Amino acid sequence: APQGLSANDITDKEFTAFWNNTDNASGYYIDVSEYENFYDASGNPSFVGKYNNLSITTNSCKIEGLKPGKQYYYRVRAFGNGAQSASSSVATVTTLYTAQIKKADGTTEYYDSLDDALAAAEEGNEIIVDGTADLTPAIKGNAVLKENVKLTIPSDKTITVESGAKFENNGLISGEGN
């Protein structure tokens with residue numbers, strides 16, 4: 001089975017998976033899932049997009065079409081000379097995100113832009129700008145912090161607010177950030 005699994009070039013929507021070359025392999029199959037065992041809660045096989053036994057000829061693969069702030073799992077098998085190896089150990093990658101929304105029902109959603117989080121937030125939600133993406137998010141000029149939505153900026157984060165952004169009555173910004 002292939003070994004030395006790693007990932008880099010991780011963004012909010014993609015990453016590149018790598019592994020060591022396997023002797024006598026003419027190619028590899030890669031699987032990617034949101035579930036560590038590659039089965040959903042109902043026991044059905046679950047894969048992300050085309051990454052279900054996807055055949056490739058190199059020891060890396062760009063994984064695209066992912067969601068921000070989500071954990072993904074991948075495994076690899078080598079093939080060649082009419083045979084296939086066992087699956088590698090499972091590697092874990094978490095995509096980056098800019099902001100998260102803590103909803104009133106206790107669920108959390110992750111967003112790749114502060115604008116998207118602002119647009120999706122509903123009354124009683126909290127937007128937390130604590131993302132893993134290495135950037136300074138901006139509240140764009142046409143963005144609106146809705147009424148009764150709290151925007152929290154941790155002390156180690158910075159945001160910019162562009163001219164024209166609107167804060168509705170009772171929209172609240174808290175934190176020690178810049």
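The values are calculated or read from the model by the stated rules, or taken from the named source; none is laboratory data. Quantities reported herein were computed from a predicted structural model and do not represent experimental measurements. Here Cβ is always computed from backbone atoms with ideal geometry, including for glycine, and neighbour counts include all displayed protein chains. Protein only, heavy atoms only, side chains kept; ligands, DNA and RNA dropped before computing areas. Shrake-Rupley method; radii C 1.70, N 1.55, O 1.52, S 1.80 Å.
Descriptive notes on the structure:
- Separation in nanometres of the label points that stand 7 Å from Cα toward Cβ, at Asp105 and Tyr35: 2.1 nm
- Near the amide H of Asp12, within less than 5 Å, lie the amide hydrogens of Leu96, all on another chain or at least 5 residues away, with H placed in the peptide plane.
- DSSP beta bridges confined to the chain are antiparallel in about 75 percent of cases.
- Over 32 Å (Cα to Cα) - which of Lys70/Lys146; Lys13/Lys140; Lys50/Lys150; Lys62/Lys166; Lys50/Lys166; Lys50/Lys140 fall in this group: Lys50/Lys150; Lys62/Lys166; Lys50/Lys166; Lys50/Lys140
- Overall, the ratio between the Cα radius of gyration of the chain and 2.2 N^0.38 Å, rounded to two decimals, is 1.30.
- Rounded percent of accessible protein surface that carbon and sulfur make up, segment 1-116, 1.4 Å probe: 41 percent
- Computing Rg and the Kirkwood Rh from the Cα coordinates of segment 1-88 gives a ratio, Rg/Rh, of 0.97.
- Positive minus negative residues near Asp31 (Lys, Arg vs Asp, Glu; Cβ under 10 Å): +2
- Peptides ranked, highest mean first, by Cβ atoms within 10 Å: ranges 100-111, 12-23: 12-23, 100-111
- Amide N of segment 1-22 lying under 20 Å from the label point, which is placed 7 angstrom from the Cα of Ala119 along Cα→Cβ: 12-14
- Of the peptides 35-41, 24-30, 125-131, the order by per-residue mean of other Cβ atoms within 10 Å, starting with the highest, comes out as 125-131, 24-30, 35-41.
- Electrostatic bookkeeping for Pro2 treats Lys and Arg as +1 and Asp and Glu as -1; over the other residues with beta carbon under 14 Å from its beta carbon, the sum is 0.
- Local net charge near Val93, Cβ-Cβ under 15 Å (Lys/Arg +1, Asp/Glu -1): -2
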